[in-house]
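The values are calculated or read from the model by the stated rules, or taken from the named source; none is laboratory data. The structure displayed is predicted, hence computed values, not measured ones. With ideal geometry, Cβ positions are generated from the backbone for all residues, glycine too; neighbour counts draw on all protein chains shown.
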Amino acid sequence: MPRPITTLFLLASVDGKISTGDTDAMDYDRDLRTIAGVREGLPQYYDLERRTDLASLNTGKVMAKIGANERTDEPTRIPVTFVIVDNEPHLTARGVEYLSKWVERLYVVTTNPSHPSYSSQATNVTTIPCDKYVDFPALFQRLGEEYGIDRLTIQSGGTLNAALVRAGLVDHLSIVLAPVLVGGKDTPSLIGGESLHAVGELGKVRALRLVAADVLQDSYLHLRYDVRND
């Protein structure tokens, strides 16, 4: 089986921001719920999110931010596979245990030989070790060939999004635009990472082909593109 067909799916402001600020104290989902003119249409994003692929790629930082390390409740298991990239690590042993109870399968991708996922006794947790860095083309090939993942939704941050886009690993883009302008030069954007520095790097830029532009309620938009990796 080849690598999974991938879709980058995120909620963004009209100016492309995926957070309300440049610190971990700022929480996009929580903060947008407090803004009149934005909160009213926010449930449409979550409805679309529930219809994404049954395998999802994210980061340990995001999992920690949504509270995986602190949760003590018994989650209802969902039929979704999580692929979590976590080198720090941001996930604790408790966080790994919570995710193992929440999702059908959990793959932890890490360069950290001491990651707590190695100690997990859960039968649905697999740690995918990497050496000094994560080779994403090789990882995605492995996800398809070894683990049978044929479609993968990406919901990571701007730095990882940039790495995957520039490596030609994102096939489709599905963006929900909230009717808000956030601003801030250090506020995370849809695509972050290292800036291009020379004309010779323009090959890393990816053109898009519009598939659909749906006007949602309360001034929200759902934009879908194919990424031209040719």
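Structure above, values below:
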{"quantity": "Test: residue in segment 205-223 that is under 18 Å from the mean Cα position of the chain (by Cα), more than 15 Å from residue 9 (Cα to Cα), surrounded by 12 or more Cβ atoms within 10 Å (Cβ to Cβ) and at pLDDT 95 or above", "calculated": "no"}
{"quantity": "Residues satisfying the stated conditions in segment 1-59, i.e. in a strand (DSSP E or B) and surrounded by fewer than 19 Cβ atoms within 10 Å (Cβ to Cβ)", "calculated": "5"}
{"quantity": "Failed item in (1) under 27 Å from residue 21 (Cα atoms); (2) in a loop (DSSP other than H, G, I, E, B), with residue 230 passing the rest", "calculated": "(1)"}
{"quantity": "So residue 83, is it under 17 Å from the mean Cα position of the chain (by Cα), under 26 Å from residue 151 (Cα atoms), at pLDDT 95 or above and not polar (S, T, N, Q)", "calculated": "yes"}
{"quantity": "Flag if residue 213 is over 23 Å from residue 5 (Cβ atoms) and among the small types (Gly, Ala, Ser)", "calculated": "no"}
{"quantity": "Sole exception among (1) within 22 Å of residue 90 (Cβ to Cβ); (2) hydroxyl-bearing (Ser, Thr, Tyr); (3) over 17 Å from the mean Cα position of the chain (by Cα); (4) modelled with pLDDT of 95 or more for residue 23, by number", "calculated": "(4)"}
{"quantity": "Segment 148-196, subset touching a residue at least 40 places away in the same chain (Cβ under 8 Å) and among the charged types (D, E, K, R), residue farthest from residue 5 (Cα to Cα)", "calculated": "186"}
